[in-house]
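A.B. asks: Have a look at this one before I ask anything.
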Amino acid sequence: MLHNSLHHRGSHQANTPATPSSEVRHSLDNPTHVQWSSERALAGAIYGFDSIDPRSRSFNLIRGRLLQLMRQRGSRAVGVVSATPEVGKSFVSANISASLSRDPRIRTFAVDLDLRRGSLTAQFGIVPERGLSEHLSTGTPLETFQLNGENLTIVPTMGGFMHSAELLASPRAEAFFQTLQSSNDRDLFICDLPPVFANDDAVAAMAHLDCYVLVSEEGRTTEREVRDAVAALGRERLAGVILNKFRGGLVSDGYGVDPYYAQGYGSPTSPR
Ligand SMILES: Nc1ncnc2c1ncn2[C@@H]1O[C@H](COP(=O)(O)OP(=O)(O)O)[C@@H](O)[C@H]1O
Ligand SMILES: [Mg+2]
């Protein structure tokens, strides 16, 4: 029963009352438009917008996998995690979001849930007056941003020291996550998370999300860290593992990204 229930969206939060926030919904649907250009994308190391760029290839493969999960399991909130910091989670989050934004059938949101070390603002060059953590702590309206000319909306957070565990356990966070979960079928939320072993935040947030992509770094992330992270988050919800090769050299600038076993375990087609 438990095994089966993990395969259905939302069942892991069966005890949570459904209380989506109409304010959050309004913010998601009414983003501020910000200037955007392919030059800016490249300056922020975001290659996923350009399907001709060979550096977008790995992200396009992950995109295919996430669209499959969306279709087959109704997944719509995806966490991007790693075992330890600085392996490229935010880089991967931004690029997966950019790649997904090319698909006109869906509407993609990049949500910064790394409340203490939010970095999507810097990557996309957005300067918000307030972020998700301010909304969660004080209830100020959420500010969202759509990149001009792109089908991508950013939900930023400012970062800084805060009681992030309490914020993620607050009634406003419940309402926020419920809003994502009760969203339109076309909406897909890519949620950049802190490392699994930094504090409780990634595990707490994952309780509200449907599946996750685990980012690891070649020569740095150990097999044991990957195993422990998967054990902490649940194997059934693993959408894929990305091997981010900082110094790998698969592509021209000396960096490479491999979606290795993106089709591996956790696949809905694998035997249960
Ligand atoms: N494959 C890559 N190619 C180029 N730069 C990368 C790559 N992966 C990560 N980086 C850079 O490394 C730094 C750390 O990555 P980041 O995504 O912030 O890590 P995390 O979110 O896991 O802490 C950032 O400056 C990011 O732009
Ligand atoms: Mg990060």
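Since every read-out is calculated from the coordinates, none of them should be taken as a lab result. None of the values given here were measured: they were computed from a predicted structure. Backbone-built Cβ (ideal geometry, glycine too); neighbour counts: all protein chains shown.
A.B. asks: Mind checking which helices (runs of 4 or more DSSP H) fall wholly inside region 20-114 and carry at least 1 residues that are within 16 Å of ligand 1 (Cβ to nearest atom)? Give the steps one after another, and end with the answer.
C.D. replies: On the way: elements: 22-29, 38-43, 57-73, 89-100.
So the answer is 38-43, 57-73, 89-100.
A.B. asks: Of all residues in region 66-107, which are polar (S, T, N, Q), within 16 Å of ligand 2 (Cβ to nearest atom) and crowded, with 20+ Cβ neighbours inside 10 Å?
C.D. replies: Of the residues in region 66-107, the ones polar (S, T, N, Q) are 68, 72, 75, 82, 84, 90, 93, 95, 97, 99, 101.
This time we only want the ones that are within 16 Å of ligand 2 (Cβ to nearest atom), so: 82, 84, 90, 93, 95, 97.
Across region 66-107, the qualifying residues are SER82, SER90, SER93, ASN95, SER97.
A.B. asks: Quick test for you: out of VAL87, VAL127, VAL92, VAL81, pick the one residue that is over 14 Å from the mean Cα position of the chain (by Cα) and either at positive phi or in contact (Cβ under 8 Å) with a residue 60 or more places away in the chain (or both). Reasoning before the result, please.
C.D. replies: Details: VAL127 fails: either at positive phi or in contact (Cβ under 8 Å) with a residue 60 or more places away in the chain (or both); VAL92 fails: over 14 Å from the mean Cα position of the chain (by Cα); VAL81 fails: over 14 Å from the mean Cα position of the chain (by Cα).
Selected residue: VAL87, the only one of VAL87, VAL127, VAL92, VAL81 that is over 14 Å from the mean Cα position of the chain (by Cα) and either at positive phi or in contact (Cβ under 8 Å) with a residue 60 or more places away in the chain (or both).
A.B. asks: I would also like to ask the following. Could you check region 156-207 and list, in sequence order, the residues that are touching a helix residue (DSSP H, G or I) at 6+ places or on another chain (Cβ under 9 Å), within 16 Å of ligand 1 (Cβ to nearest atom) and farther than 17 Å from GLY234 by Cβ?
C.D. replies: Matches in region 156-207: PRO156, THR157, MET158, GLY159, GLY160, SER164, ILE190, ASP192, PRO194, ASN199.
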